[in-house]
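Contents: one structure, followed by commentary.
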Amino acid sequence: TNTGISITSIDFNETFREQLSQVSDRVIIDDFLTHNFGRTFDRLVSGDVIEHILDTDLFLKKAHSLLAENGFFYLQTPNLASWHGRLSLLFGYTPEALEVSMSKNYFGKFWIFRHENAIHHVRIFTYKALREMCTYYGFEVMQAVGVDHRIPAIFKHIPQIAGSVCLKLRKK
């Protein structure tokens, strides 16, 4: 059925084209930061992307410019100050969300957070830093939710220490 909703997805990695085409009407293989969309959007969704981007200022400016007036931006990213990140640091380990190498993920990490391949996080936010930066770039925080696959229900209302933070933002 025709819902009247059109979904556009963008990723710079060609290997995701098939997955994106399963949920999108239009798939763009390009760099979000430099692509000319030629239009605005009512909603933008960025799930676990901003931590991979070196120029997060440009990312937020671009998202703001692509939103229609009063449009919504849903932004999720790992939380540096998560409960498990704090425990890792307390015991002298590198938090799960951080990496010290571009080739291996596991240097300095507690064994349950070790993965073979690097995940290439270049910017890691705390809840407070993410809120402040989004506000600075013209977004109003409508809702903040903590996301944590380890103990989902507990951290929903305390994003300050959840594994990830999800913000519902509105363009001011």
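The values are calculated or read from the model by the stated rules, or taken from the named source; none is laboratory data. Keep in mind that what you see is a predicted model, and the values were worked out from it rather than measured. Neighbour counts are summed over all protein chains in view; Cβ atoms, including those assigned to glycine, are modelled from backbone coordinates with ideal geometry. We work out accessible area using only protein heavy atoms, side chains counted, and drop any ligands, DNA or RNA first. Shrake-Rupley method; radii C 1.70, N 1.55, O 1.52, S 1.80 Å.
Of the accessible area of the range 29-172, with the probe set at 1.4 angstrom, what percent is carbon plus sulfur? Could the numbers behind the result be given before it?
On the way: 4590 of 7900 Å².
In the range 29-172, the share of accessible area belonging to carbon and sulfur is 58 percent.
Would you mind getting the Kirkwood hydrodynamic radius of the range 83-172 from its Cα pairs, rounded to one decimal in Å? Write out the running numbers ahead of the final one.
Working: mean 1/r = 0.0699 Å⁻¹.
When all Cα pairs of the range 83-172 are included, the Kirkwood radius is 14.3 Å.
Near the amide H of residue 45, under 5 Å away, which other amide H atoms are found, from residues 5 or more places off or on another chain, if H is placed in the peptide plane?
Amide H neighbours of residue 45, under 5 Å, 5+ apart: 74.
Would you kindly derive the ³J(HN,Hα) couplings of the range 117-123 from the backbone phi angles with the Karplus curve 6.51 cos²θ - 1.76 cosθ + 1.60 (θ = phi - 60°), listing them in order in whole Hz, with x for Gly and Pro?
9, 5, 9, 6, 7, 10, 9
Please report, in debye to the nearest 20, how large the charge dipole of the range 69-172 is about its Cα centre when each Lys and Arg carries +1 at its beta carbon and each Asp and Glu carries -1 there. Working shown, then result.
Details: 13 positive and 7 negative charges, 27 e Å.
That gives the range 69-172 a dipole magnitude of about 120 debye.
What list of ³J(HN,Hα) values in whole Hz, one per residue of the range 148-164 in order, does the Karplus curve 6.51 cos²θ - 1.76 cosθ + 1.60 (θ = phi - 60°) give from phi, with Gly and Pro shown as x?
For the range 148-164, the Karplus-derived couplings read 8, 5, 6, 9, x, 5, 5, 9, 4, 9, 10, x, 4, 10, 6, x, 9 Hz, x marking Gly and Pro.
List the trypsin sites (Lys or Arg not before Pro) within the range 1-85 that fall in a DSSP loop (any state other than H, G, I, E or B) and whose Cβ has at most 13 other Cβ atoms within 10 Å.
Numbers: sites: 17, 26, 39, 43, 61, 62; in loops: 39.
For trypsin sites (Lys or Arg not before Pro) across the range 1-85 that sit outside H, G, I, E and B with at most 13 neighbouring Cβ atoms in 10 Å, the list reads 39.
Which chymotrypsin sites (Phe, Trp or Tyr not before Pro) in the range 31-73 pass both tests, a DSSP loop state and at most 12 other beta-carbon atoms within 10 Å?
Details: sites: 32, 37, 41, 59, 72, 73; in loops: 32, 37.
Passing sites in the range 31-73 do not exist.
Considering only protein heavy atoms, what per residue accessible area in square angstrom results for the range 109-150 with a 1.4 angstrom probe?
Details: 2560 Å² over 42 residues.
Accessible area per residue, the range 109-150: 61 Å².
Pull up all non-local amide H partners of residue 110: gap of 5 or more, or a different chain, and H-to-H distance under 5 Å with H placed in the peptide plane.
94
Determine the sum of side-chain charges near residue 88: Lys and Arg each +1, Asp and Glu each -1, restricted to other residues whose C-beta is under 15 angstrom from that of residue 88. Walk me through the numbers on the way to the answer.
Values: positive: 86, 109, 114, 150; negative: 96, 99, 148.
Result for the local shell: +1.
What net charge do the residues around residue 145 carry, taking every other residue with its C-beta under 11 Å from that of residue 145, with Lys and Arg at +1 and Asp and Glu at -1?
Numbers: positive: 156, 168; negative: 148.
That sum, taken over residues with Cβ under 11 Å, equals +1.
At 1.4 Å probe radius, can you tell me the per residue accessible area of the range 25-92 in Å²?
Numbers: 3590 Å² over 68 residues.
Per residue, the range 25-92 has 53 Å² of solvent-accessible surface.
Please turn the phi angles of the range 165-172 into ³J(HN,Hα) values with the Karplus equation 6.51 cos²θ - 1.76 cosθ + 1.60 (θ = phi - 60°), one per residue in order, whole Hz, x for glycine and proline.
With coefficients 6.51, -1.76 and 1.60, one gets 10, 10, 10, 9, 10, 10, 5, 7 Hz.
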